[in-house]
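First the structure, in the form of structure tokens, and then the observations on it.
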Amino acid sequence: MEIIVKAGAGGDGVVSFRREKFVPLGGPDGGDGGRGGNVIIRADDDISNLKFYRQNRVYSAQDGKHGSGKRKSGKSGADLILKVPPGTIVSEKAVIGRDIILADLKEKGQEVVAAVGGEGGLGNTHFASSVNQSPVLAQKGEAGEKKNIILELKLIADVGIVGYPNVGKSSLVSAASAARPKIADYPFTTLEPVLGTVIVGHRSFVVAEIPGLIAKASLGKGLGHDFLRHVVRTRILIHLLDGDAVSPVDDMIQVNNELSIFDSALIKKPQIVVVNKVDLPQVRERMGEIRGIFAGVGINVHFISAFTGEGVSELMAEVLKELDGMKPQEEIPLADGSFAVFHPQPKGDNIRVVRDGDVLVIENDSLERIIAGTDASNAEAKRQLIGLVSRPHIRKALEKAGAKPGDRVRCGNFEWWW
Ligand SMILES: Nc1nc2c(ncn2[C@@H]2O[C@H](COP(=O)(O)OP(=O)(O)OP(=O)(O)O)[C@@H](O)[C@H]2O)c(=O)[nH]1
Ligand SMILES: [Mg+2]
């Protein structure tokens, strides 16, 4: 699910002067703009899927209000809080290369700031100095961040059912839980992972059918690629085999290869190997042979029929026993090896100078916003702007870029002679 989030812009700072009785020219009292609201993505358990986000594509937080006279700051824009189900991975879509994972919101209450609101602009009070007691400079509010965000709900299942296409994974989910996935006699019937809750006595656990595992799935062919990431989070795998396949062992090896190519950690997960379709006479006949082949490589196989239910509850009891015997789940890194960390981009107040033909262009957000927030058609304001851009740190940056007296310099839409 892809959405666009837009944080609020900061409100503008204003130019204003005190008006008091008997004081002909009061000092500056223009207030600052309020900051723009953030877009926050928060896990909450009163929402169970991401369907809500199909309605709209763009989600915007409120802008900050402009400042006003009497040093009154503008009100901050309200944050926009987007609720997502626990288990949602929040990534920023990269223009090139891998998307960046901003957060892995596993539990209710966890949140991430997906787009930061713009700073409010400074009012003219901030530009007063001993040499400029009537500043007519003010700063425009900063733009809010805008990002393309990918929301992805990860399965939170204890047990993953993997296996070659058409082996009966959906049938097993259906036999063991109340879930009713589509079952059909062709491969890739299941296009998205299916979850089911299995109840054993007074206990329960969640199984998930992982669809589309075929040769080359790990290379992004077939459907499996996306879903393999889900497997990472399960604690145990049921490796389901079709007893009627030409070689169940070869099928198992192929699927295991896929798992290990995708992420070598997957192959270390405990697997319970299960041969399905024992209701078929030709499979029942082969049981001894199949058992022998697997025993030869040290694997004890279970036999079931997802169709008639034979052996299914015994298998689920075995799965529960295995889960109980495991240590509590430790932190699992995401499939691509990255951890869920939010790296805010340092905004930096450094001054960049680039050349545009004959003109040297100063790039600095804070300065550009002062220019945008000031009325440079006013001669006094223009004079004050010149004073501002003649400060030593800007002078230094220009000199470093090779500026010579007489060069044309620009910042925002303001141009002057150096
Ligand atoms: N005889 C018999 N047929 C079965 C059994 N389990 C599944 N089948 C059949 O095998 C076919 C595939 O079953 P599914 O449960 O859809 O298999 P799947 O592994 O989920 O398949 P995909 O999602 O397409 O990969 C269907 O025609 C089922 O009726 C079983 O225990 N016995
Ligand atoms: Mg299926």
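The values are calculated or read from the model by the stated rules, or taken from the named source; none is laboratory data. For clarity, every value in this text was computed on a predicted model and none was experimentally measured. Virtual Cβ from ideal backbone geometry, glycine too; neighbours counted across all protein chains shown. Note: areas computed on protein heavy atoms with side chains; ligands, DNA, RNA excluded. Shrake-Rupley method; radii C 1.70, N 1.55, O 1.52, S 1.80 Å.
Residues that are open to solvent by 50 Å² or more (accessible area, probe 1.4 Å), among the hydrophobic types (A, V, I, L, M, F, W, C) and in a loop (DSSP other than H, G, I, E, B) within the stretch 290-308 comprise Val297, Phe307, listed in sequence order. Residues in the stretch 161-173: is at least one within 13 Å of ligand 1 (Cβ to nearest atom), open to solvent by less than 10 Å² (accessible area, probe 1.4 Å) and assigned to a loop (DSSP other than H, G, I, E, B)? Yes, there is a match, as at least one residue in the stretch 161-173 is within 13 Å of ligand 1 (Cβ to nearest atom), open to solvent by less than 10 Å² (accessible area, probe 1.4 Å) and assigned to a loop (DSSP other than H, G, I, E, B). The set of residues from the stretch 19-47 being surrounded by fewer than 14 Cβ atoms within 10 Å (Cβ to Cβ) and among the basic types (Lys, Arg) comprises Arg19, Lys21.
The set of residues in the stretch 242-272 being under 16 Å from Glu318 (Cβ atoms) and either open to solvent by less than 10 Å² (accessible area, probe 1.4 Å) or in contact with an Asp or Glu (Cβ under 8 Å, 6 or more places away or on another chain) (or both) consists of Pro270, Ile272.
The residues on offer are Ala138, Ala143, and the sole one that is modelled with pLDDT of 95 or more, open to solvent by 30 Å² or more (accessible area, probe 1.4 Å) and either in a loop (DSSP other than H, G, I, E, B) or aromatic (Phe, Trp, Tyr) (or both) is Ala143.
Every test in (1) touching a strand residue (DSSP E or B) at 6+ places or on another chain (Cβ under 8 Å); (2) surrounded by 15 or more Cβ atoms within 10 Å (Cβ to Cβ) is passed by Met287 save one, and that test is (2).
The number of residues in the stretch 87-134 being charged (D, E, K, R) and outside any loop (DSSP other than H, G, I, E, B) comes to 3. Suppose the filter is modelled with pLDDT under 90, in a loop (DSSP other than H, G, I, E, B) and hydroxyl-bearing (Ser, Thr, Tyr); does Ser76 pass it? When the stated conditions are applied, Ser76 does not pass them. The set of residues in the stretch 374-387 being assigned to a loop (DSSP other than H, G, I, E, B) and charged (D, E, K, R) consists of Asp375 alone. Restricting attention to the stretch 9-43, the residues that are closer than 19 Å to Gly77 by Cα and touching a strand residue (DSSP E or B) at 6+ places or on another chain (Cβ under 7 Å) add up to 8.
Pull up the stretch 350-373, narrow it to residues that are within 20 Å of Glu145 (Cβ to Cβ) and assigned to a helix (DSSP H, G or I), then point me to the one that is least open to solvent (accessible area, probe 1.4 Å). Within the stretch 350-373, the match that is least open to solvent (accessible area, probe 1.4 Å) is Leu367. For the stretch 175-194, does any single residue satisfy the condition of being near ligand 2 (Cβ under 9 Å from one of its atoms), small (Gly, Ala, Ser) and in contact (Cβ under 8 Å) with a residue 60 or more places away in the chain? For the stretch 175-194, residues near ligand 2 (Cβ under 9 Å from one of its atoms), small (Gly, Ala, Ser) and in contact (Cβ under 8 Å) with a residue 60 or more places away in the chain: absent.
Just to be sure before I move on: is Ser177 surrounded by fewer than 21 Cβ atoms within 10 Å (Cβ to Cβ), more than 16 Å from ligand 1 (Cβ to nearest atom) and closer than 28 Å to Lys83 by Cβ in the structure I sent? Here the answer is no, as Ser177 does not meet what is asked.
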